[in-house]
Amino acid sequence: MTTHSVTTVFNDHMAFTAAINGHKVRMDTTADDGGKDSGPSPKRMMLASLAGCTGIDIVSILNKMKVDFSNLSIEVHAALTAEHPKTYNYVKITYTIKLAEEDKSKMIKAVGLSTEKYCGVFAMFKTFAKMDTEIDYL
């Protein structure tokens with residue numbers, strides 16, 4: 001069984017630094033919540049992880065399909081519940097990409113493979129949030 005470990009250390013005020021495979025990631029919260037906004041919030045880091053996971057899948061799949069593309073970006077919008085603990089209950093992922101008209105069906109297939117088979121972060125999100133995807137072509 002594969003396991004992952006992260007060590008997170010308190011810095012000051014509300015800020016923490018996580019050590020992840022030799023990379024340092026600082027997290028904080030806004031001044032309204034007692035922080036200094038010196039890094040992204042942990043919940044927003046979850047959204048970044050989701051975008052990164054599905055993005056890596058998309059690039060890998062399109063490369064295997066020999067699809068030329070550019071300008072790939074992934075925007076994630078999420079809604080939080082009103083009650084504590086506030087959790088995401090709706091997430092929409094919008095993929096924006098430039099590719100040939102004849103390759104649009106391959107992009108649709110790549111998104112489907114990522115969200116239905118490969119992206120473990122997406123699979124985790126599906127357990128607590130309604131998930132939607134959209135593709136915008138440039």
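The values are calculated or read from the model by the stated rules, or taken from the named source; none is laboratory data. From a predicted model like this one, the values you see are computed outputs, not experimental measurements. So basically every Cβ, Gly included, is an ideal-geometry build from the backbone, and we count neighbours across all protein chains shown. Note: areas computed on protein heavy atoms with side chains; ligands, DNA, RNA excluded. Shrake-Rupley method; radii C 1.70, N 1.55, O 1.52, S 1.80 Å.
Miscellaneous remarks
- Sole exception among (1) within 24 Å of LYS66 (Cβ to Cβ); (2) touching a residue at least 12 places away in the same chain (Cβ under 8 Å); (3) of a type in the set (Gly, Ala, Ser) for ALA78, by number: (1)
- Some residue of the range 57-75 being under 26 Å from THR2 (Cβ atoms) and among the aromatic types (Phe, Trp, Tyr): no
- Just one of the listed residues (LEU72, LEU62) is under 26 Å from VAL111 (Cβ atoms) and either touching a residue at least 40 places away in the same chain (Cβ under 8 Å) or β-branched (Val, Ile, Thr) (or both), namely LEU62.
- Residues in the range 86-104 that are open to solvent by 70 Å² or more (accessible area, probe 1.4 Å) and under 14 Å from the mean Cα position of the chain (by Cα): TYR90 alone.
- Residue match in the range 105-122 (condition: part of a loop (DSSP other than H, G, I, E, B), among the polar types (S, T, N, Q) and exposed (fewer than 14 other Cβ atoms within 10 Å of the Cβ)): no
- Pairs where the first residue, in the range 14-27, is more than 14 Å from PRO40 (Cβ to Cβ) and at pLDDT 95 or above and the second is open to solvent by 80 Å² or more (accessible area, probe 1.4 Å) and part of a strand (DSSP E or B), C-beta under 6 Å, 6+ apart: ALA19/THR7
- In the range 28-57, residue modelled with the highest pLDDT [restricted to those that are of a type in the set (Asp, Glu) and under 18 Å from LYS86 (Cα atoms)]: ASP28
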